[in-house]
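**Student:** Handing you this structure, nothing more for now.
The values are calculated or read from the model by the stated rules, or taken from the named source; none is laboratory data. Just so you know, these numbers come straight off a predicted model, no measurement behind them. With ideal geometry, Cβ positions are generated from the backbone for all residues, glycine too; neighbour counts draw on all protein chains shown.
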Amino acid sequence: MARTAIISDIHANYHALSAVIEDVRAMQCTDLVCLGDVVGYNAYPAECLDYVRELNCPVVKGNHDEEVVTPSNARMNPIARKAMDWTRSQLDEPRLRWLSRLQYQRIVRTDTGVSFSIVHSSLDHPKAWNYIINASDASNNFPRQFSHLCFHGHTHTPKVFVWDGQHAAEDDESLHPLYLSGFTEFQPLPDLKYFINVGSVGQPRDSDPRASYGIYDSDLNLVIIKRVEYDIAAAQEAIERAGLPEYLAERLEKGI
């Protein structure tokens, strides 16, 4: 069995990350990849970075990962900026160096020889950190996608986009069970390309506060996206102890 767990947007939420990794093991995943934004917003940037680093898995760079290393005038609201400044103070030089060396996109090959792409935002301009909200946004990605599947994050919201060679469309039907039961699975059709957002581990924004991650079973040609309960109260308490903005704690329980 070749099952790859796909995690994204951890955002220094160690409680969520620990719960997801426990679930990854229960789901008998053999491999793992990370789609970026290991740090930012929450109270455990060093701990989450070390955890991901010790997994020795493919990781791509997210905008928060880049911003903490190279401060810029990027689009960040004052709350995110305050959290980023605090995050930078928590990371030593070796950790910052590790983040700086991350690639923006990668091809991952499974043990069965199947390849797929990973990127934080989109393949057309991976350094621009564009938000892929709808099918129109996704249409710019597909001409640069040379694999059957590409997994991405950045918006913190699960989405499935498909390309028939001419048009992009959003596949709401595949995700419908996720919003009913916290679990969905589907088999990508061989003649289409798929651009799949697996949601966020550490700061979901689709009104479901549970952590979200994906699984790709290359043996069965099966994509799974599922939700995982974690100790939100403990994550909130850590944010408050760190002196981070109160809103960052409040939004966790609302999933916004």
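**Student:** Answer yes or no: is there a residue in segment 85-97 that is under 15 Å from W129 (Cβ atoms), of a type in the set (S, T, N, Q) and out of contact with any strand residue (DSSP E or B) (no Cβ under 9 Å at 6 or more places or on another chain).
**Tutor:** Taking segment 85-97 first, the residues under 15 Å from W129 (Cβ atoms) are none.
Scanning segment 85-97 turns up no residue that is under 15 Å from W129 (Cβ atoms), of a type in the set (S, T, N, Q) and out of contact with any strand residue (DSSP E or B) (no Cβ under 9 Å at 6 or more places or on another chain).
**Student:** Would you call V114 out of contact with any Asp or Glu (no Cβ under 6 Å at 6 or more places or on another chain) and β-branched (V, I, T)?
**Tutor:** Numbers: out of contact with any Asp or Glu (no Cβ under 6 Å at 6 or more places or on another chain): yes; β-branched (V, I, T): yes.
Answer is yes for this residue.
**Student:** May I pose another question? For segment 90-114, enumerate the residues that are farther than 25 Å from I215 by Cα and surrounded by fewer than 18 Cβ atoms within 10 Å (Cβ to Cβ). Full working, then the answer.
**Tutor:** Here is the first cut: in segment 90-114, the ones farther than 25 Å from I215 by Cα are 90-98, 100-101.
Once the filter is applied, which keeps residues that are farther than 25 Å from I215 by Cα and surrounded by fewer than 18 Cβ atoms within 10 Å (Cβ to Cβ), segment 90-114 yields Q90, D92, E93, P94, L96, R97, S100, R101.
**Student:** Hey, can you tell me all the residues within segment 97-124 that are of a type outside the set (F, W, Y), in contact (Cβ under 8 Å) with a residue 24 or more places away in the chain and part of a strand (DSSP E or B)? Before the answer, list the steps.
**Tutor:** Of all residues in segment 97-124, those of a type outside the set (F, W, Y) come to 97, 99-103, 105-115, 117-124.
From the residues that got through so far, the ones that are in contact (Cβ under 8 Å) with a residue 24 or more places away in the chain too are 99-100, 102-103, 105-108, 110-112, 114-115, 117-123.
The answer is Q103, Q105, R106, I107, V108, S115, S117, I118, V119.
**Student:** In the list I215, I225, which residue meets the criterion of being assigned to a strand (DSSP E or B), in contact (Cβ under 8 Å) with a residue 12 or more places away in the chain and either closer than 14 Å to F116 by Cβ or among the basic types (K, R) (or both)? Outline the logic, then answer.
**Tutor:** Working: I225 fails: either closer than 14 Å to F116 by Cβ or among the basic types (K, R) (or both).
Matching residue, one of I215, I225: I215.
**Student:** Let me ask something additional. Only one residue in L189, L248 is of a type outside the set (K, R), over 25 Å from P58 (Cβ atoms) and assigned to a loop (DSSP other than H, G, I, E, B). Which one? Before the answer, list the steps.
**Tutor:** Details: L248 fails: assigned to a loop (DSSP other than H, G, I, E, B).
L189 is the lone residue from the list that is of a type outside the set (K, R), over 25 Å from P58 (Cβ atoms) and assigned to a loop (DSSP other than H, G, I, E, B).
**Student:** Let me ask another. Only one of T184, T87 is part of a helix (DSSP H, G or I), modelled with pLDDT of 95 or more, surrounded by 15 or more Cβ atoms within 10 Å (Cβ to Cβ) and not aliphatic (A, V, I, L, M); which? If you could, list the steps in order and put the result at the bottom.
**Tutor:** Working: T184 fails: part of a helix (DSSP H, G or I).
Only one candidate qualifies: T87.
**Student:** Checking the condition farther than 27 Å from S18 by Cβ, modelled with pLDDT under 95 and of a type in the set (D, E, K, R), which residue from D172, D137, D164 passes?
**Tutor:** Details: D137 fails: modelled with pLDDT under 95; D164 fails: modelled with pLDDT under 95.
Within the list D172, D137, D164, the selection yields D172.
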